[in-house]
Amino acid sequence: IDSLDNLPSLRSLRLRNTPLTNTLGVGEVRSTVIARLSRIEYFNASPITDRERLEAERRYVSNVARELLMTSSEMTLCDTLNQSYNNNTGNCKDNNQAHSEIDDTQTQIFTLHPRFKALLDKHKDIMVSLTPGSHSKGDVACNQGGIGDDVINITIRSMAASSCDMEPLRKRLPRSLKVGRIQAMCARAFGVDIDLQILHFRVKGDPFPTELDDADHTLAYYGVSDGAEILVNEVDVDARERENARRVEEHNRLVEEQEQHVSVLQSMQKSIVNVLANDTAQKL
């Protein structure tokens, strides 16, 4: 897939039944392709939005960073990322640390992910809350202990019918905070069950809010910025049950149609066999 990024005119790509992706889920395939190919605008006939590309590239950087962390026994991920970033920008420094060079395994990872360094440069600010390490001028900023000093002002507003008249929460939260922690906070404040919550965030100027659809990702991962507003909606249980009933009914209808179709085919096959048997009997 990476080789396709060398085609400057490639704007649309369709993948189907290919061994390159048969071990990945549909969403994972789409996210990976978008991150690895910098110019495509359509994937499998579906347009790629700017927000989708942003999230796919950040997810890709995060995943490769985790691979690097697994290979670093003593060197921190922040050290590895800083060295990668400095080499990429030509900002190489003399370093007396024991781990001043990327080992062979990490070099192989960089080879397998040719866009990683460019995307790290593009999204280096997000690494503030995604990687442990130390702050260093000119380096990719990294947090001590994973919480970090990057705190943003957030307004959390309930849109659920049972609590939409309640005062919104105004919080100063670290960008490294996971969505699951936000859900727990909303459950306590607004009485909305975690399993029924649907969270979105919006910032001034955004035409549509962005869904916070993974409890294990952080606010930084989704690009939640200072002054953003998080909206708490509640799943309509009755509507969900009606939708499930409709799907079951539709499934049963399709099964019935298929059974009728099979029955017709079997009848036709029996008729053909009888005709052939009669012709054979007459010839004998």
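The values are calculated or read from the model by the stated rules, or taken from the named source; none is laboratory data. Nothing here was measured: the structure is a model prediction, and the numbers come from that model. Glycine also receives a Cβ, built like all others from the backbone with ideal geometry; neighbour counts cover every protein chain displayed. Calculation scope for accessible area: heavy atoms of the full protein, side chains included, ligands and nucleic acids excluded. Shrake-Rupley method; radii C 1.70, N 1.55, O 1.52, S 1.80 Å.
A few notes on this one:
- Pairing each residue of segment 43-69 that is hydroxyl-bearing (Ser, Thr, Tyr) with any residue that is assigned to a helix (DSSP H, G or I) and modelled with pLDDT under 80, provided the two are 6+ apart or on different chains, yields C-beta distances under 9 Å for 62/126; 62/127; 62/130.
- Residue within segment 239-247 that is at pLDDT 85 or above, of a type outside the set (A, V, I, L, M) and within 18 Å of residue 158 (Cα to Cα) present: no
- Qualifying residues in segment 174-195 (those that are of a type in the set (A, V, I, L, M), touching a helix residue (DSSP H, G or I) at 6+ places or on another chain (Cβ under 8 Å) and surrounded by 15 or more Cβ atoms within 10 Å (Cβ to Cβ)) - the one modelled with the lowest pLDDT: 192
- Selection over segment 31-73 of residues that are surrounded by 16 or more Cβ atoms within 10 Å (Cβ to Cβ), basic (Lys, Arg) and over 17 Å from residue 10 (Cβ atoms) gives a count of 2.
- The C-beta contact set for segment 191-203 (first residue in contact (Cβ under 8 Å) with a residue 40 or more places away in the chain, second residue open to solvent by 50 Å² or more (accessible area, probe 1.4 Å), distance under 6 angstrom, 6+ apart or interchain) comprises 192/234; 196/234.
Quick grid of which residues meet (1) among the β-branched types (Val, Ile, Thr); (2) open to solvent by 90 Å² or more (accessible area, probe 1.4 Å); (3) in a loop (DSSP other than H, G, I, E, B):
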| position | (1), (2), (3) |
| --- | --- |
| 216 | no, yes, yes |
| 224 | yes, no, yes |
| 230 | yes, no, no |
| 245 | no, no, no |
| 252 | no, no, no |
| 256 | no, yes, no |
| 260 | no, yes, no |
| 265 | no, no, no |
| 269 | no, yes, no |
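- Taking the numbered list (1) modelled with pLDDT under 95; (2) more than 30 Å from residue 68 (Cα to Cα) in turn, residue 150 passes all entries but (2).
- Scanning segment 178-210 for residues that are charged (D, E, K, R), assigned to a helix (DSSP H, G or I) and within 19 Å of residue 238 (Cα to Cα) returns a single hit, 195.
- Among the conditions (1) open to solvent by 60 Å² or more (accessible area, probe 1.4 Å); (2) within 16 Å of residue 118 (Cβ to Cβ), the only one that residue 16 does not satisfy is (2).
- Residue match in segment 129-146 (condition: modelled with pLDDT of 90 or more and either under 21 Å from residue 55 (Cα atoms) or polar (S, T, N, Q) (or both)): no
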